[in-house]
Amino acid sequence: MGNCGCGHEAGNGPFAAGRDLVEFVARAHGGALRSRALPEGLPTACQGCGGPFTLATFVGSCPACGGVHAVSPPRCDDPANIQFAGAGYRLP
């Protein structure tokens, strides 16, 4: 992946994966992006427990197990772009 122009190296920022993406989105714009509603919720399955849920904000948790997931604004139109922070991760 190339640099997206937002000042982050390739593989970081809005195109990172896993926990790195979750932490990037949670901190983006001073934390304001974390709870901003997605234009349309993204139906998905938790990447931790497999339970179905809808990611309604850019950073959200599975209601069944609490697994933290996120998607970045440039990629928020496809549930395949949702990233998982890993088992047991909790937002700071």
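Key figures
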read-out	value
Residues that are within 23 Å of His29 (Cα to Cα) and either over 12 Å from the mean Cα position of the chain (by Cα) or open to solvent by 50 Å² or more (accessible area, probe 1.4 Å) (or both), drawn from region 80-92	Tyr89, Arg90, Leu91, Pro92
Some residue of region 43-61 being aromatic (Phe, Trp, Tyr) and in contact (Cβ under 8 Å) with a residue 40 or more places away in the chain	no
Selection status of Ala56, open to solvent by 40 Å² or more (accessible area, probe 1.4 Å) and farther than 17 Å from Ala37 by Cβ	no
Index of the failed condition, Ala45 passing every other in (1) under 11 Å from the mean Cα position of the chain (by Cα); (2) more than 19 Å from Gly13 (Cβ to Cβ); (3) aliphatic (A, V, I, L, M)	(1)
Test: Cys6 is open to solvent by less than 70 Å² (accessible area, probe 1.4 Å), at pLDDT below 95 and in contact with a Gly (Cβ under 6 Å, 6 or more places away or on another chain)	yes
Residue in region 59-75 that is farthest from Val22 (Cα to Cα), counting only those that are hydrophobic (A, V, I, L, M, F, W, C) and surrounded by 20 or more Cβ atoms within 10 Å (Cβ to Cβ)	Cys62
Test: Gln47 is polar (S, T, N, Q), open to solvent by 70 Å² or more (accessible area, probe 1.4 Å), at pLDDT 95 or above and on the phi < 0 side of the Ramachandran plot	yes
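The values are calculated or read from the model by the stated rules, or taken from the named source; none is laboratory data. The shown structure was predicted, so the numbers you read here are calculated from the model rather than taken from an experiment. Don't worry about glycine lacking a Cβ; one is built from the backbone with ideal geometry, like all the others, and counts go over all protein chains shown. Heavy atoms of the whole protein, side chains included, go into the accessibility calculation; ligands, DNA and RNA do not. Shrake-Rupley method; radii C 1.70, N 1.55, O 1.52, S 1.80 Å.
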